[in-house]
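See below for the structure under consideration.
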Amino acid sequence: MNAAATAVPSSPHVMNTYGRLPIAMSHGRGCRVWDVNGKEYLDALAGIAVNTLGHAHPKLVPALQDQVAKLIHSSNYYHVPNQEVLARMLVERSGMTNVFFCSSGLEANEAALKLARKYGHDKGIERPEIVVYEKAFHGRSIATLSATGNPKVQAGFGPLVEGFIRVPLNDIEALKKATVGNPNVVAVFFETIQGEGGVNPMRAQYLQEVRALCDAQDWLLMIDEVQCGMGRTGKWFAHQWAGIQPDVMPLAKGLGSGVPIGAVVAGPKAAHIFQPGNHGTTFGGNPLAMRAGVETIRIMEEEGLLENAATVGAHLRGQLDSALLGKPGVKDIRGQGLMIGIELDKPCGVITQRAADAGLLLSVTADSVIRLVPPLIMTTAEADEVAAILLPIIVSFLAENA
């Protein structure tokens, strides 16, 4: 292999906004990708919970090729037939009412915040307030950044948007105390399982308690399923494990298997808040993204990927639990399905590079949580490979300076 082929990738004309690994990907198939130098990796990151069907899925690729050859974009001045098809699919699987399409999770969350504010204004509340959570991550626009519970990513971007009340996770009394006697509260907004915040799940009982409180107070229950939705936990949406239904549900990431797509699904209380002129998007709901969403759901059902996520996730979690739980330096292993976080007792960002060197893609979030969010097509044999590569890296890391 010549020197040019093995050169370290760089992007000098690209704005320096990411702490990238010195890797550039060339192509992928299934749960495996290859970089431009020919090195193979097992993908346990899936483009950060995006590539639901892995890479180059044999059913998705021809469908997208067909759509590209027909129509990529037309604009929302006109009806886009697959918007209705995909909206109906989401409504049927969520039990909700209708859908607004956009292009990212940030846009979906921004739309949810606008829905909540207009809901309040329609009720005569001049300065609506929304309950949000510690360690939350909802995006990097000024409004979603303000809803996010991470001072590090907020630093340098003040003044933040007002109108947010922040509470801790899984503490219904803290939520009640923070909102008691406040007539301006209009919504409670959270991730069923926090992703960027460290794979922190909301307990089922807590979800049920918040649903009941929102009903009693006439607030919107808004659940961000951007990362934990679309089958990742073994149900279509992670909150369904608690047997509840939100009023507003932002989606994105896995909905298009890599094609940029976002959505806001609304229940009866929120379905008709937006009227023509209240909200919009140029790229959202374009024919290519809609085809990707329709085909993703169709293939997920044909191939039983919800059941696969639950089964393979439990298998992988069992391997990790038996090898790591109770070991010095391992604080917790948590998550559900194919969304797993391994929390160590010290910052472990170096594990991202060490795993890549060993042929495994993953990420570290919240400084000390190893995050695994592989494609939902992952097999138990591939899960065994993940464990075989990752466990020695963790053990070796924990032995350093122990």
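The values are calculated or read from the model by the stated rules, or taken from the named source; none is laboratory data. No experiment lies behind these values; they were computed from the predicted model shown. Counting neighbours? That spans all protein chains shown, and the Cβs are built from the backbone with ideal geometry, glycine included. SASA here: full protein model, heavy atoms, side chains in, ligands and nucleic acids out. Shrake-Rupley method; radii C 1.70, N 1.55, O 1.52, S 1.80 Å.
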Check your understanding: Counting just the residues of region 134-152 that are touching a Phe, Trp or Tyr at 6+ places or on another chain (Cβ under 9 Å) and part of a loop (DSSP other than H, G, I, E, B), which one comes out surrounded by the fewest Cβ atoms within 10 Å (Cβ to Cβ)?
Key -> R140
Review point. What helices (runs of 4 or more DSSP H) completely inside region 1-113 contain at least 2 residues that are buried (at least 20 other Cβ atoms within 10 Å of the Cβ) and modelled with pLDDT under 95?
Key: none
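Taking T281, is it in contact with a Ser or Thr (Cβ under 8 Å, 6 or more places away or on another chain) and surrounded by 24 or more Cβ atoms within 10 Å (Cβ to Cβ)? Step through it out loud before you land on a result.
Numbers: in contact with a Ser or Thr (Cβ under 8 Å, 6 or more places away or on another chain): yes; surrounded by 24 or more Cβ atoms within 10 Å (Cβ to Cβ): no.
In short, no.
Against the definition (of a type outside the set (A, V, I, L, M, F, W, C), touching a residue at least 12 places away in the same chain (Cβ under 8 Å) and either assigned to a helix (DSSP H, G or I) or surrounded by 17 or more Cβ atoms within 10 Å (Cβ to Cβ) (or both)), how does T311 come out, yes or no?
On the way: of a type outside the set (A, V, I, L, M, F, W, C): yes; touching a residue at least 12 places away in the same chain (Cβ under 8 Å): yes; either assigned to a helix (DSSP H, G or I) or surrounded by 17 or more Cβ atoms within 10 Å (Cβ to Cβ) (or both): yes.
Yes.
Conditions (1) open to solvent by 10 Å² or more (accessible area, probe 1.4 Å); (2) without any contact (Cβ under 8 Å) to a residue 40 or more places away in the chain; (3) in contact with a helix residue (DSSP H, G or I) (Cβ under 7 Å, 6 or more places away or on another chain), marked per residue:
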{"position": "G341", "(1), (2), (3)": "no, no, no"}
{"position": "I351", "(1), (2), (3)": "no, no, yes"}
{"position": "S363", "(1), (2), (3)": "yes, no, yes"}
{"position": "E382", "(1), (2), (3)": "yes, no, no"}
{"position": "L398", "(1), (2), (3)": "yes, no, no"}
Study note, to complete from the structure: Flagged pairs (Cβ under 7 angstrom, 6 or more apart or on separate chains; first in region 267-280, assigned to a loop (DSSP other than H, G, I, E, B); second among the basic types (K, R) and open to solvent by 50 Å² or more (accessible area, probe 1.4 Å)) are I273/K118; N278/K118; H279/K114
**Study point:** Matching residues in region 153-203 - criterion: being open to solvent by 60 Å² or more (accessible area, probe 1.4 Å) and either under 21 Å from K123 (Cα atoms) or in a helix (DSSP H, G or I) (or both)
**Key:** E162, E173, K176, K177, V180, G181, P183
Check your understanding: Would it be correct to say that R298 is under 30 Å from H73 (Cα atoms) and buried (at least 21 other Cβ atoms within 10 Å of the Cβ)?
Key -> no
